[in-house]
1. Counting other Cβ atoms within 10 Å, keep those with at most 16, restrict to DSSP loop, and tell me which GluC sites (Glu not before Pro) in the stretch 113-214 are left.
2. Taking a cut-off of 18 Å, what percent of all Cα-Cα pairs in the stretch 143-219 are separated by more than that?
3. Evaluate 2.2 N^0.38 Å with N set to the residue count of the chain, then give the Cα radius of gyration divided by it.
4. Just GLY148, GLY198, GLY159 to compare: in a GNM of the chain, with alpha carbon springs under 10 Å, which one fluctuates most?
5. Report the gain in length on full extension from THR211 to LEU197: 0.36 nm times residue separation, minus Cα-Cα distance, nm rounded to one decimal.
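Laboratory data are not the source of any read-out in this text; all were calculated from the coordinates shown. Here the structure is a predicted model, which means the values were calculated and not measured. Here Cβ is always computed from backbone atoms with ideal geometry, including for glycine, and neighbour counts include all displayed protein chains.
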Amino acid sequence: MRELFGLARSLWLYRRPGRQRGLRRLYAPFVGEGDLVFDVGAHVGDRTLAFAALGARVAAFEPQPWLASFLRRSVGRREGIEVMAQAVGAEAGVGMLQVSRATPTVSSLNARWTQDIGDRNPGFSRVRWDRRVEVPVTTLDRLIEIHGRPQFCKIDVEGHEAEVLAGLSQPLEAISVEFVAGALDVARACVERLERLGDYRFDFVIGEQRTFQWNEWRSGDTVREWLAHGAGGIASGDLYARLSSSKN
């Protein structure tokens, strides 16, 4: 019952009418016809659908077994979309997923994050991670070997973003990672990892909004300073990175 309630809540939040138009507008500068996109932490597939609508081939990864099954039925039959019940991390193997059945969008492989985030971010104070599920874990490097190099990689894995990037050894044209107040060290680690891979510039989007907040793409040093000062008090958002040589 809790899973059904959680799914219904997520569908209302992320698949409601009118939302796709804004997502397509957000991703259009990064994704075009025939491009490959990795959707890491696909959840209910709202971003997967937007990528596909832009003409991309999408490899969508969702480790929660019942959500992956839902995704296969709801979006996986569409041409150009492949859904895989896998997590992504620093090394291939297995991991223990901390599942919140009532709010599946915040399920995470980062047990420390789930234990502490409620004390550091009021938005998580009522969340309960009430199930543990062993899931297969792969790496971005391995996925590139199998599927090819993506033009864009979206990573939204609730405090596990830096571990996902630790499994990548080559620069990608553009990447997004979620950041959350109370765990900005994860975002900082992501910035530092990306800078080791290539010459990236950064911008960000607040929460579920669709507008970049800076009037120009900024350096890693600028982003680290912004994070060190609390990221403007923003509760959550997505940090975007693109190579400075990108055509966009």
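1. Counting only loop positions with at most 16 other Cβ atoms within 10 Å, the GluC sites (Glu not before Pro) in the stretch 113-214 are GLU208.
2. Values: 1211 of 2926 pairs.
Everything past 18 Å amounts to 41 percent.
3. Normalised Cα radius of gyration, the chain: 0.93.
4. GLY148
5. 2.4 nm
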